[in-house]
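Participant: Structure below; questions to follow.
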Amino acid sequence: MQFSFDTNLNKIAEKVEANERLTFDEGVELYKTDDLNALGKLADFVRRKKHGKTTYYNVNRHFNHTNICVADCKFCGFYRRARQDDAYTHSIDEGIEIARNAVNEGATELHIVGGLNSKLPFEYYTDLFSSLKREFPRLHLKALTMVELDFFARFYKMPDEEVIEKLKAAGMDSCPGGGAEIFAEPTRSRICDHKCDGNRWLELAGKVHKAGLKTNATMLYGHIETTEDRVDHFVKLREQQDKTGGFQCFIPLAFYPPGTALSSLPGPDAMLNLKTIAVSRLMLDNFDHIKAYWVMLGLPITQTALHFGANDVDGTITDGGELTHAYSVETGGERKMTKDELISMIENAGFEAVERDTVYNRVERVAA
Ligand code: V47
């Protein structure tokens, strides 16, 4: 029997096997192949070398404190102007109640992001974090993207370091990876010209790492970006990781068009979803974890992605996650999964499910 293998990939396969860094051109070559099986096998080889059959998940909750935003991103279906009827900002007490429900359901992490809201004082954030920490000292606050930190530094006129130190002192434990979108110009300016550029996003990630906190990194794909833009994104993240080393996880975010200014676009298909997981695993040789975000990918592609380089599926997530609601794919009508459902999804795909905390320590639970 003749097994197919795109012979253009032979040289890259040798480099992957020898643990050698791939170039920009090789990243583009990987995207261009039609041999999805070969690409998946290469990424799976690296995934299994790093993690064996382990696939991580966590028990978490999203809290989007405000949907009021001045940024006007073309891909976003979540933001509102302050005058709109369905604009909202949660009070600190509401935040505490959402966190209390999450903790009662076993959450170890609260993922906090929101719009760039020019009506809020900086103290809203420090009060929110310190109040949450007072009530739930063991709940990890994964809070605020580099775009929010950039907005705070400019809007509240503070040096970056002061913004980061004050939020860290109040209880910010790490930062999620949002706001990275696509670094390459002119694409970035076409989809989000009111927020910080790619270099600034990377600079701030470096500063957060230097302050001793971990962050994640994302890439929004499947809109107007090119293959070269995606590979450029990986190379820039890899260079930043070489410098400051604080990225824990990369999360490719599949663009979901409904309700956005780009709603006429089809969004990414299964080929692009799987290629992006696999190429990110192969290009981001200094990232430990690649997350297949089930909310965006749906369950069948998430399971397949575990064979294409991903070793994490994120968490139980969604209640209270208005932002996620704005862009989540229909997963059989579900936008929330129980821990048992997550475990079954991972195990049915042939992997071992391991509960982690935000910084990838194993969580051992005592049976009730
Ligand atoms: O920055 C916005 C994206 C991000 C859409 O760090 C959209 O663990 C698809 O960053 N279609 C926020 N995506 C979410 C995020 C994230 C999610 C899960 C885990 C982590 C982590 C981070 O969502 C935004 C933007 O890139 N987004 N609109 C949309 N229509």
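The values are calculated or read from the model by the stated rules, or taken from the named source; none is laboratory data. What you are looking at is a predicted structure, and each value in this text was computed from that prediction instead of being measured. Glycine also receives a Cβ, built like all others from the backbone with ideal geometry; neighbour counts cover every protein chain displayed.
Participant: So is Glu185 part of a loop (DSSP other than H, G, I, E, B) and touching a Cys at 6+ places or on another chain (Cβ under 7 Å) or not?
Facilitator: Considered against the rule, which asks whether it is part of a loop (DSSP other than H, G, I, E, B) and touching a Cys at 6+ places or on another chain (Cβ under 7 Å), Glu185 comes out as no.
Participant: So, Arg138, is that one surrounded by fewer than 17 Cβ atoms within 10 Å (Cβ to Cβ), at pLDDT 95 or above and within 16 Å of the ligand (Cβ to nearest atom) or not?
Facilitator: no
Participant: Return the total of residues in the range 243-260 being of a type outside the set (S, T, N, Q), near the ligand (Cβ under 10 Å from one of its atoms) and more than 12 Å from the chain's Cα centre (by Cα).
Facilitator: Final tally of qualifying residues: 5.
Participant: Anything in the range 216-259 that is part of a helix (DSSP H, G or I), free of Cβ contacts under 8 Å to residues at least 60 places away in the same chain and β-branched (Val, Ile, Thr)? List them, or say none.
Facilitator: Thr244
Participant: Considering only residues that are at negative phi and not hydrophobic (A, V, I, L, M, F, W, C), which ones fall in the range 283-308?
Facilitator: Hits for the range 283-308 are Asp285, Asn286, Asp288, His289, Lys291, Tyr293, Pro300, Thr302, Gln303, Thr304, His307.
Participant: Which one of these is in contact with a helix residue (DSSP H, G or I) (Cβ under 8 Å, 6 or more places away or on another chain), assigned to a helix (DSSP H, G or I) and in contact (Cβ under 8 Å) with a residue 60 or more places away in the chain: Ile290, Ile301, Ile277?
Facilitator: Every option except Ile277 fails the conditions.
Participant: So in the range 264-274, with the set limited to residues that are surrounded by fewer than 21 Cβ atoms within 10 Å (Cβ to Cβ), within 14 Å of the ligand (Cβ to nearest atom) and touching a residue at least 24 places away in the same chain (Cβ under 8 Å), which one is nearest to Tyr57 (Cα to Cα)?
Facilitator: Here the residue is Leu272.
Participant: Consider the range 177-192. How many of its residues are touching a residue at least 40 places away in the same chain (Cβ under 8 Å) and more than 10 Å from the ligand (Cβ to nearest atom)?
Facilitator: 4
Participant: Oh, and also: Go through the range 275-298 and count every residue that is surrounded by 20 or more Cβ atoms within 10 Å (Cβ to Cβ) and within 16 Å of the ligand (Cβ to nearest atom). Walk me through how you get there before you give the answer.
Facilitator: As a first pass, look at the range 275-298 and keep what is surrounded by 20 or more Cβ atoms within 10 Å (Cβ to Cβ): 275-284, 287, 289-297.
Applying the additional criterion that residues be within 16 Å of the ligand (Cβ to nearest atom) yields 276-277, 280, 284, 287, 289-297.
Residues that pass the stated criteria total 14.
Participant: Residues of the range 154-170 being part of a loop (DSSP other than H, G, I, E, B) and of a type outside the set (D, E, K, R), which ones?
Facilitator: Tyr156, Met158, Pro159
Participant: How about the range 70-86: which of its residues are at pLDDT 95 or above and closer than 21 Å to Phe155 by Cα?
Facilitator: Answer for the range 70-86, where residues must be at pLDDT 95 or above and closer than 21 Å to Phe155 by Cα: just Cys73.
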